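Remarks on the structure that follows.
The values are calculated or read from the model by the stated rules, or taken from the named source; none is laboratory data. These numbers were taken from a predicted model, which means no experiment stands behind them. Reconstructed Cβ throughout: ideal geometry from the backbone, glycine too, with neighbour counts over all protein chains shown.
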Amino acid sequence: MPERHAQRKADHIRINLEEDVSFPNLTTGLECYQLVHQALPEVDLDQVQTDIEMLNKVLQVPLFISSMTGGTPEAERINIHLAEAAEAAGIAMGLGSQRVALEHPEQARTFQVRRVAPTILLFANLGAVQLNRGYTVEHCQRAVDMVEADALILHLNPLQEALQAEGDVHWAGLARKIETVCNKLSVPVIVKEVGWGISPQTARLLANVGVAAIDVAGGGGTSWAAVEYHRAADPHLRRLAREFADWGLPTADSLVMVREVLPDIPLFASGGLRTGIDIAKCIALGADLAGIAGPFLKAAAISAEAVYEEIQAVMRSLRVAMFVSGAGDLNALRDYGRLVRVDASPTVRSRFHVV
């Protein structure tokens, strides 16, 4: 494997674990919403139902481990820990971009987690822009087959590519190629951003070309502009990355806007989610699944047990949030009046808007 591929993968893991790569000011927007507390919830905590069926598999909670890594020995260890925990907890998992394994088959093992997670809902992953660089449906199918995935994520990251010295910035005509993959691939296609959000215009375009689901992956969590700032050796690229440190659509705003224009398509919410309360808010705003990355990456650097404990903490938080909101199941969490929009300032709560 060429050194630059290995170094880029290693850099991404190291920087995410060691550096502050949060947005300087941009938040997820979830702080602008509040679940309405019910002092008389009329539901028992142990009867709260969090299970959901997605792509013909049942998840114990509407949670997936967002796509992160692969392609190095450390990435393999992290992926195995993540997958073991996902299997034990009954949640879904996305893999990092498999381009490196398609071009260097000896790296395939770093993504192959079915040996420890035979039943999870598993998402393969490729960068959508590679379809403009010679990749075809065959490459996509190879990525799916490589890991025995249930669906393929095509990720969109134009800003990240523009901030890399080696980035792919040829994005014209990509929608039609995504449509071809949607029509010919053996499994459903999901399209996601990597942390800057999906606009209503992009969402409509993706729905029109036939994607099975959209992950809005909004701003407010990991800023990949900050990651590329720490990677860049070129001072001009470092300056550029710093200027775009707060670029993007907050996760909550992206989710609300996309759900408004696409009322029926499965929507995933990710980007800065940390707790079960965050997940509950996203479900109430229209998401079907919610994804978490950063906390799981830090736990996976330790052990599968640490990841499992983090998942359990999120699950407990979600169940309690539903309980004290009077929502016995995920559908009830979406009921009118379950969520209110409040002023962003934590000291001002005078204006409540029912959602």
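When the residues of the range 194-210 are narrowed to those that are touching a residue at least 24 places away in the same chain (Cβ under 8 Å) and more than 20 Å from residue 180 (Cβ to Cβ), which ends up farthest from the chain's Cα centre (by Cα)?
200
Please verify whether the range 67-79 includes one or more residues that are of a type outside the set (Phe, Trp, Tyr), free of Cβ contacts under 8 Å to residues at least 40 places away in the same chain and in contact with a strand residue (DSSP E or B) (Cβ under 7 Å, 6 or more places away or on another chain).
no
May I ask you to verify whether residue 218 is at pLDDT 95 or above, touching a Phe, Trp or Tyr at 6+ places or on another chain (Cβ under 6 Å) and either under 30 Å from residue 24 (Cα atoms) or surrounded by 18 or more Cβ atoms within 10 Å (Cβ to Cβ) (or both)? Before the answer, list the steps.
Values: at pLDDT 95 or above: yes; touching a Phe, Trp or Tyr at 6+ places or on another chain (Cβ under 6 Å): no; either under 30 Å from residue 24 (Cα atoms) or surrounded by 18 or more Cβ atoms within 10 Å (Cβ to Cβ) (or both): yes.
The answer is no for residue 218.
When only residues in the range 1-32 that are under 20 Å from the mean Cα position of the chain (by Cα), modelled with pLDDT of 90 or more and not in a loop (DSSP other than H, G, I, E, B) count, which is surrounded by the most Cβ atoms within 10 Å (Cβ to Cβ)?
Per the criteria, the residue is 30.
I need the full set of residues from the range 88-102 which are without any contact (Cβ under 8 Å) to a residue 60 or more places away in the chain and either touching a Leu at 6+ places or on another chain (Cβ under 8 Å) or surrounded by fewer than 20 Cβ atoms within 10 Å (Cβ to Cβ) (or both), in order please.
Across the range 88-102, the qualifying residues are 90, 93, 95, 97, 98, 99, 102.
So which residues in the range 172-199 are β-branched (Val, Ile, Thr) and surrounded by fewer than 20 Cβ atoms within 10 Å (Cβ to Cβ), if there are any at all?
Just the residues of the range 172-199 that are β-branched (Val, Ile, Thr), to begin with: 178, 180-181, 187, 189-191, 194, 198.
Result: 180, 187.
Looking at (1) within 19 Å of residue 155 (Cβ to Cβ); (2) of a type outside the set (Phe, Trp, Tyr); (3) part of a strand (DSSP E or B), which is the one condition that is false for residue 53?
Unmet for residue 53, out of (1) within 19 Å of residue 155 (Cβ to Cβ); (2) of a type outside the set (Phe, Trp, Tyr); (3) part of a strand (DSSP E or B): (1).
I'd like to verify a number: residues in the range 299-326 that are of a type in the set (A, V, I, L, M) and over 25 Å from residue 86 (Cα atoms), how many? Working first, answer last.
To start, the set of residues in the range 299-326 that are of a type in the set (A, V, I, L, M) comprises 299-302, 304, 306-307, 311, 313-315, 318, 320-322, 324.
Now drop any that are not over 25 Å from residue 86 (Cα atoms), which leaves 324.
The number of residues fulfilling the criteria is 1.
Which one of these does residue 42 not meet: (1) on the phi < 0 side of the Ramachandran plot; (2) not in a strand (DSSP E or B)?
Here residue 42 meets the rest and fails (1).
Within the bounds of the range 277-293, is there any residue that is over 14 Å from residue 63 (Cβ atoms), surrounded by fewer than 22 Cβ atoms within 10 Å (Cβ to Cβ) and at pLDDT 95 or above?
We begin by selecting, within the range 277-293, every residue over 14 Å from residue 63 (Cβ atoms); these are 284-286.
Next, only the ones that are surrounded by fewer than 22 Cβ atoms within 10 Å (Cβ to Cβ) stay: 286.
This time we only want the ones that are at pLDDT 95 or above, so: 286.
The answer is yes, given that some residue of the range 277-293 is over 14 Å from residue 63 (Cβ atoms), surrounded by fewer than 22 Cβ atoms within 10 Å (Cβ to Cβ) and at pLDDT 95 or above.
Out of the range 222-246, which residues are closer than 13 Å to residue 194 by Cβ and either surrounded by fewer than 16 Cβ atoms within 10 Å (Cβ to Cβ) or not hydrophobic (A, V, I, L, M, F, W, C) (or both)?
Selection gives 222, 223, 228.
Would you confirm whether or not the range 109-122 contains a residue that is in a helix (DSSP H, G or I) and either of a type outside the set (A, V, I, L, M) or farther than 23 Å from residue 214 by Cβ (or both)? Spell out how you get there, then give the answer.
In the first step, residues of the range 109-122 are kept if they are in a helix (DSSP H, G or I); the result is 109-110.
In the following step, the residues that additionally are either of a type outside the set (A, V, I, L, M) or farther than 23 Å from residue 214 by Cβ (or both) were identified as 109-110.
Yes, there is a match, as at least one residue in the range 109-122 is in a helix (DSSP H, G or I) and either of a type outside the set (A, V, I, L, M) or farther than 23 Å from residue 214 by Cβ (or both).
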